[in-house]
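Asker: Dropping a structure here in structure tokens format, bear with me for questions.
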Amino acid sequence: FFFFPPATMAQLTLLALLIGAVGAVAAAAATPTVSTVNNTLVLNANGAVLTLSGGSCPTGSGSGSGTGTLATQGYVDGEVSSLTSTLQNLVTTQQSATVASVSTVVAAVANTQATQIASVAAQANQFVGFMNQYTVNQTIATADDLNAAILSVSNALSDNLNAQTSTTIATVQGLVAASDNAQTAAVASVAMQTGTLQGQINLLANRTDSLWMTEAMQSSAIATNRDNIATLSGELLALATNHGTTQQNVSGLQNLFSGIQAQVDAEASRAQGVDSTLTATISSMASCGAQGEFFVNGACTPSPVNVNTCNTARTNAVRFFNNRFQYCDGTSWTVPPLLGTTAAAAADSCSDIYDNEASLRGSDGPYYIKNGNTAVQVYCLMSDGGWTLVAMQSSDNFNNWRYSSSKWTDSSTLSPTTVDPSSDVDMKNVFFSTLPVTRVKFFMNSLSSTPMVVTRSATSMSNFFSQSFSTSFSRSTFIALTGEPSSRWDNQPNNCHQGVNSVGGTRNCRFGLIMNNELTECDSSDSAIGWGCYTNDQESGPRSIGCGGFTWDPTNAYPKRGFIFVQ
């Protein structure tokens, strides 16, 4: 009865819900529901929910009709191929960036080291040549003779040191590319050579001292050469240190790349797992699609399906016919009731009905919503997103709704089955203490008046009235709620406090505005408008109200009917 062509991932999600829930529907007969917004069918059986979107049901056998798609193997292969390509591009990009970074570091080190070595070589040529010549001749008669000897040997040593410089640069570059063990050994070798050179430098220094005593006329030049040799030693040590730092940087980059590679490998493995799972599932569903059957709990069921047959054996069978979901009631194909219109089609809240049943928007009245596994009838305002009535205050509201009443914060109820808002009774249903809250709408006098809306998140209204916070409505807005002349509060011009439990001590409101005649203090506040208000420490006296307002001089109470809706 249904044939499934390729589909979107949203439709795959929908079918996954079908796979997990239809088994429970088959186990216990229940009345399905249908949404007029997106033509969605919902079956309720022992708490299980099956949701099918009309857009995913194509033409089947018999007289059934509809349109929709489901993913094929080719579609899944394409999705997996795209994911694999994206992951590979990530690897390639990271590899290129890492190699380029390492190459830049190596080149910079090589250039720096070559410059240092060339400088050292030039200084060493000058002094070492002089020392070697001095060692050979032991004595030099004049400065001219000394300079000639130094020049003679310097040229030969310069060529030798240039060759050594090239070899040193090649060795440094080789160190960067070698393994950690080889690099460590190379650094150790450099350190040993540095130590050997230091010994030679010390020997040359001794010879310099001797030459200085023997050839006083060359003392200034020799002193300069001694400083150059000291600089040579420092630069060689710095060279070894820089090489160690470079090696650490290269190792860090290698570790970073290894971590990235591990993440990419993990993603590739996960993608392969998804591919295998989807391949197996779609293969099974494809075998059902050939017969137009549902794929439920890993099997094709029922088999075969005839969309024209409805009898006792087919009770709760589902079909999509004439652009609507229908179910078999054991005798004929039936369109399920709208969400919230029957106990079997109970919604989660009035907002749930508003969101899913476009045809019911604007139709205020009684609807069924869920309290656990039980359907409870409540009054809904089907405008502005849908609102659930959770409490009413009667015109004689002093006893049940005074500030100190536990009804504001506990889970008890008052006339909980009262649904008609025209009933002048104190009412508090079970949803006052169970339904989550994001906005609260307060009406006074009647539902035709202008309400006050407070935006505040709470786990329930019991939790809402356990909090303490201020609001910022105008004085005229509160007075307009009562329907009384504003002149009744003219002798109370000081708007002291407003909000939910925002004061304490000798005056407070569960929600409302507290006023006083003195303009500079509020401790002796005399009047209020709102829900559960009192002043002058008269919570049980004349300056107290469950819903409405009271004045001072004269002291008069004006109780009003109240309505509290939540969303």
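Asker: Using a 1.4 Å probe on the protein chains only, how many percent of the accessible area of the range 407-447 belongs to carbon and sulfur?
Answerer: 52 percent
Asker: With all protein chains present and a 1.4 Å probe, how do Thr104, Thr409 order by accessible area, largest first?
Answerer: Final ranking, largest accessible area leading: Thr104, Thr409.
Asker: Something else about it: Hey, with R₀ at 60 Å, roughly what FRET efficiency would Val425 and Asn311 work out to, going by the Cβ-Cβ distance, to 0.05?
Answerer: 0.80
Asker: Next question. Can you tell me the accessible area per residue over the range 348-443, all protein chains present, probe 1.4 angstrom, in square angstrom?
Answerer: Per-residue value: 40 Å².
Asker: How long is the gain from Ser446 to Thr520 if the chain were fully straight, where each residue apart is worth 0.36 nm and the alpha carbon distance is subtracted?
Answerer: 23.1 nm
Asker: A follow-up question, please. Rounded to the nearest 0.05, what FRET efficiency do Gln254 and Ser466 have when you use their Cβ-Cβ distance and R0 = 45 Å?
Answerer: So the FRET efficiency works out to roughly 0.20.
Asker: Explain nothing, just the number: relative contact order of the range 321-408, from Cα pairs under 8 Å at least 6 residues apart, as a whole percent.
Answerer: Relative contact order for the range 321-408 comes out at 20 percent.
Asker: How big is the dipole moment of the range 481-567 about its Cα centre under a simple scheme where the beta carbon of each Lys and Arg is +1, that of each Asp and Glu is -1, and everything else is neutral? Debye, nearest 20, please.
Answerer: 460 debye
Asker: Which percent of the accessible heavy-atom area of the range 464-507 goes to carbon and sulfur, probe 1.4 angstrom?
Answerer: Its accessible area is 46 percent carbon and sulfur atoms.
Asker: Applying 1/(1 + (r/R0)^6) with R0 = 60 Å to the Cβ-Cβ distance of Ala343 and Ala266, what FRET efficiency is obtained, to the nearest 0.05?
Answerer: That gives a FRET efficiency of 0.75.
Asker: Continuing with the same structure: When the solvent-accessible surface of protein heavy atoms is calculated with a 1.4 angstrom probe, in what order do Ser332, Ser411, Ser405 fall, highest first?
Answerer: Ser411, Ser332, Ser405
Asker: Output the Kirkwood hydrodynamic radius of the range 456-556, Cα pairs only, in Å rounded to one decimal.
Answerer: 13.4 Å is the Kirkwood radius here.
Asker: Then there's this: Over the alpha-carbon set of the range 316-373, work out the extent along each principal axis and list the three values in angstrom, largest first.
Answerer: The Cα atoms of the range 316-373 stretch 32, 26, 15 Å along the principal axes, largest first.
Asker: Rounding to the nearest 20 debye, state how big the charge dipole of the range 406-550 is about its Cα centre with +1 on each Lys and Arg Cβ and -1 on each Asp and Glu Cβ.
Answerer: 480 debye
Asker: Over the range 354-448, with a single point scatterer placed on each C-alpha, what log10 of the ratio I(q)/I(0) does the Debye formula yield at q = 0.19 1/Å?
Answerer: -0.99
The values are calculated or read from the model by the stated rules, or taken from the named source; none is laboratory data. The structure presented is a predicted model; accordingly, all values stated were derived computationally and were not measured. Neighbour counts are summed over all protein chains in view; Cβ atoms, including those assigned to glycine, are modelled from backbone coordinates with ideal geometry. SASA here: full protein model, heavy atoms, side chains in, ligands and nucleic acids out. Shrake-Rupley method; radii C 1.70, N 1.55, O 1.52, S 1.80 Å.
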